[in-house]
Every structure is written in C-alpha cells, then in structure tokens.
Amino acid sequence: FRIPRSGDKKKLIDMSLRNVLFFKKNLYNEKKERKTKKISILVDLKNKLNLKNIPFHIECFDVSNIQGKNTVASLVMFKDGYPSKKSYRKFKIRSVNKPDDFESMREVIFRRYSRILKEKGSLPDLIIVDGGKGQLSSACDVIKELNIYNKMNIIGIAKKLEEIYFPNDSIPVLLSKKSAHLKLIQNIRNEAHRFSLKHHRNKRANSLIRNELEQIKGIGGKTIIDLLNQFKSNKGISIAKLKDLKKVVGNSRALLIYNYYKSR
C-alpha cells in the first residue's frame, strides 16, 4: 500500500474521503427524514382513529383456509411503522375443523396474548384484525376474558370497501383512500394476508404429499416427516436418487419410495 502525503494523489485521496463523508451524512439524513415521516403518520393515525396511544407497536392477524381445511393464521408485527419480520408468527388452528373464521380468530388471539401475559411480554398499542365486525367481536371477547381490553386499541378492516370497524360500534369508518394512515393499515393487513397465505399453501402442499406417500405400504408418519425435511417437496422426493433416499430413510423404505415413483 502507498499512502500519498502530498501532490495530486493526496488531493485525490482527500476528495474521496470528503465524498464518503458527504454520502454518509446524506444517508443518515434520509433515514432520519423517513423515520420522522413515518412517526408523523402514526401520530396522524392516533388522532384520526382516536386511539389511546401512538401505535408504535402494531400487531395484525389474518386467517386462511379453503373450505375449512388446513386452516392457519398469521401474526405480523410492525414497530415504528416498519415490519419486524423476526417477530412474525404462524399458527396452526387446532380447535376448528370446519369453515369458521370467528372461532379461528378466537383461538389465535387467545394463544397469542395468554402467552404474552404468561411470559410478561409487551402488549401492542394497536391490534388490527383482518375482517369485519364478526372477526373483531370474536377477538374482543377473548381480550376481555384475558382482562387486557383496556390496555390497547383494536380495530378490524373489511376488504370490500376498506372499512374500519371499532368495538361496540356497528357503523364503520371510511378513511380517505389517499390518506397515508389508511395506506399504512392496508400495508400491514396485506403483509399479514401474504404471510398467512404462504403458510397455508405450504401446509396444503405438505398435506398433499403426505396423502400420496401414505398410499405406499410400509411408509409411516416419521418417514414422511424425514423426507419432507430433506427434499422439501413432492417433486424433490420423486426425482431423488436411490442413494440419497437411502441416506434419509434406509435401504428398504428407500426402495419402496423409489420404485413407487418410477412406476408412475
């Protein structure tokens, strides 16, 4: 390495350092401006919806199913108006085996906040329920049972007209379609829906693979789980080499699976 101490090369180094510092300062100012703008939106949201606190911590729930099968739910968390993806959660609905979004919402809300209370975690400033009056009422019933109803705000957003529902009020609020605070709520709701739908599709795909593999005599539940963990999908299992199957499930079962897919 050469470090120039004078002349044109020294001037070039000095100019490069000034450019880097200028870029760093601009980047810092841009981040600060974006954060200030986001906080301004949160303050505006508090005022528009008459919330108790500025919603720095928002949690949103969505339920996904097809004809009541493979019902799952998702939780997405936003901190200071930005997604906190490490805090996202997926739920497999246990108590409902039919199309019932209301009961599914009750279950996931209870599981989430009973655990938060048990672990002495922090409650959100605002809960958003993806759905109308029915889903919101189900969530509110559970929150009241847990004695945390007055410690946070909760709203529902219906997809059709993007109506905002409040507890104990049958008449929804329509926010301006161009408003930044409605766009924030929509963004959070859409993220919850995307995350829930992804989980549902994965669960449904695994269910289909399980149903097919269960047709092979001699293949049980543990073997199926081991195959899914290793090969991820039906296609991955079907095109796997015999030697790779043997490494996962042993010789005899590997032959059963390999011959099953080769004979199709």
- line: Which of [x] 129; [y] 114; [z] 250 is the computed volume of the Cα convex hull per residue in Å³? It is [z]
task: Using a 10 angstrom cutoff on alpha carbons, build the Gaussian network for the chain and name the most mobile of ARG18, ARG94, ARG194.
output: ARG18
query: Of PHE110, PHE91, PHE23, which is the most mobile in a GNM of the chain whose springs link Cα atoms less than 10 angstrom apart?
result: PHE23
query: Going highest first, how would you order 102-108, 80-86 by mean Cβ packing within 10 Å?
result: 102-108, 80-86
message: Using Cα springs under 10 Å in a Gaussian network model of the chain, which residue among ASP101, ASP169, ASP14 shows the largest mean-square fluctuation?
response: ASP14
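Relative contact order for the chain: what is it in percent, counting Cα pairs under 8 Å that are at least 6 residues apart?
Computed value for the chain: 15 percent relative contact order.
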field: Per residue, in Å², the accessible surface of the stretch 1-160 once ligands and nucleic acids are set aside, probe 1.4 Å
entry: 64 Å²
field: Extension reserve of the LYS262-LEU161 stretch, reckoned as 0.36 nm per residue once the Cα distance is removed
entry: 31.2 nm
message: Give me the net charge for the shell around ILE13: Cβ to Cβ below 13 angstrom, other residues only, Lys and Arg +1, Asp and Glu -1.
response: +4
- prompt: Separation between the LYS198 and LYS217 pseudo-spin-labels, each 7 Å from Cα along Cα→Cβ, expressed in nm?
  reply: 4.2 nm
- prompt: With all protein chains present, how much of the accessible area of the chain (probe radius 1.4 Å) comes from carbon and sulfur, to the nearest whole percent?
  reply: 52 percent
message: Given a Förster distance of 51 Å, report the FRET efficiency between ALA180 and LEU12 from their Cβ-Cβ distance, rounded to the nearest 0.05.
response: 0.70
- request: Note down the net charge around LEU117, summing +1 for each Lys or Arg and -1 for each Asp or Glu among other residues with Cβ under 12 Å from its Cβ.
  value: +4
field: Label-point separation in nm, LYS38 to GLU103, each point 7 Å along Cα→Cβ
entry: 3.9 nm
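The values are calculated or read from the model by the stated rules, or taken from the named source; none is laboratory data. A quick note: this is a predicted structure, and the numbers were derived from the prediction, not measured. Don't worry about glycine lacking a Cβ; one is built from the backbone with ideal geometry, like all the others, and counts go over all protein chains shown. For accessibility, only protein heavy atoms count, side chains too; no ligands or nucleic acids. Shrake-Rupley method; radii C 1.70, N 1.55, O 1.52, S 1.80 Å.
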